[in-house]
1. Specify which of the listed residues (Lys71, Lys76, Lys109) is in contact with a Ser or Thr (Cβ under 7 Å, 6 or more places away or on another chain) and either in contact (Cβ under 8 Å) with a residue 24 or more places away in the chain or farther than 20 Å from Glu5 by Cβ (or both).
2. Would you point out the residue of region 60-88, among those that are under 20 Å from Arg9 (Cα atoms) and surrounded by 13 or more Cβ atoms within 10 Å (Cβ to Cβ), that is nearest to the chain's Cα centre (by Cα)?
3. Filter region 13-59 for residues that are of a type in the set (Asp, Glu), free of Cβ contacts under 8 Å to residues at least 60 places away in the same chain and surrounded by 12 or more Cβ atoms within 10 Å (Cβ to Cβ); which is nearest to Ser90 (Cα to Cα)?
4. I'd like the full set of residues that are among the basic types (Lys, Arg) and either in contact with a strand residue (DSSP E or B) (Cβ under 6 Å, 6 or more places away or on another chain) or closer than 20 Å to Asn22 by Cβ (or both), limited to region 35-91.
5. Checking Ala115 against (1) assigned to a helix (DSSP H, G or I); (2) exposed (fewer than 10 other Cβ atoms within 10 Å of the Cβ); (3) hydrophobic (A, V, I, L, M, F, W, C), which test does it fail?
Amino acid sequence: MQIQENLIRGIIDIVILQMLENRDMYGYELFQEIRKRSGGEIVVKDGSLYPVMYRMVSRGYIKETTVLVGKRRTRKYYHITDPGREHLHSMKAEFDRLKRGLDNIINYKEEPVIAD
């Protein structure tokens, strides 16, 4: 399980920004949608999603809007910004490059050495 947590930490920015590229969402909705869209394979712990989102807000990749839901309750919706889109596309390109490299390593076949 530790391996999965480390891998998720490395890709959580891509996951969040990709989800927000489709539509604005609030935090708990993001949490649920990540689990749903990944078929349950990517599970983000409750407390680990919000610090990442706060960091992305401070870097200008996403912005938050407080919306009144009901008479007194508010909900923060998150929206990807243009710098966030640029960051997402560069991270996806880097991820694809690393994935190709990993695939090459995993599928590498040594040529047999023939002795003279």
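1. Values: Lys71 fails: in contact with a Ser or Thr (Cβ under 7 Å, 6 or more places away or on another chain); Lys109 fails: in contact with a Ser or Thr (Cβ under 7 Å, 6 or more places away or on another chain).
That would be Lys76, the only listed residue that is in contact with a Ser or Thr (Cβ under 7 Å, 6 or more places away or on another chain) and either in contact (Cβ under 8 Å) with a residue 24 or more places away in the chain or farther than 20 Å from Glu5 by Cβ (or both).
2. Here the answer is Leu88.
3. Here is the first cut: in region 13-59, the ones of a type in the set (Asp, Glu) are 13, 21, 24, 29, 33, 41, 46.
Within this subset, residues satisfying the condition of being free of Cβ contacts under 8 Å to residues at least 60 places away in the same chain are 24, 29, 33, 41, 46.
Next cut, surrounded by 12 or more Cβ atoms within 10 Å (Cβ to Cβ) only: 24, 29, 33.
Working: Asp24: 21, Glu29: 25, Glu33: 23 Å.
Ranking the candidates gives Asp24 first.
4. To start, the set of residues in region 35-91 that are among the basic types (Lys, Arg) comprises 35-37, 45, 55, 59, 63, 71-73, 75-76, 85.
Those that are among the basic types (Lys, Arg) and either in contact with a strand residue (DSSP E or B) (Cβ under 6 Å, 6 or more places away or on another chain) or closer than 20 Å to Asn22 by Cβ (or both): Arg35, Lys36, Arg37, Lys63, Arg75, Lys76, Arg85.
5. Failed condition: (1).
Taken together, the values in this text are just the output of simple stated rules run on the coordinates, not laboratory data. Keep in mind that this is a model prediction, so the values were computed, not measured. Here the Cβ is made from the backbone with ideal geometry for all residues, glycine too, and neighbour counts use every protein chain on show.
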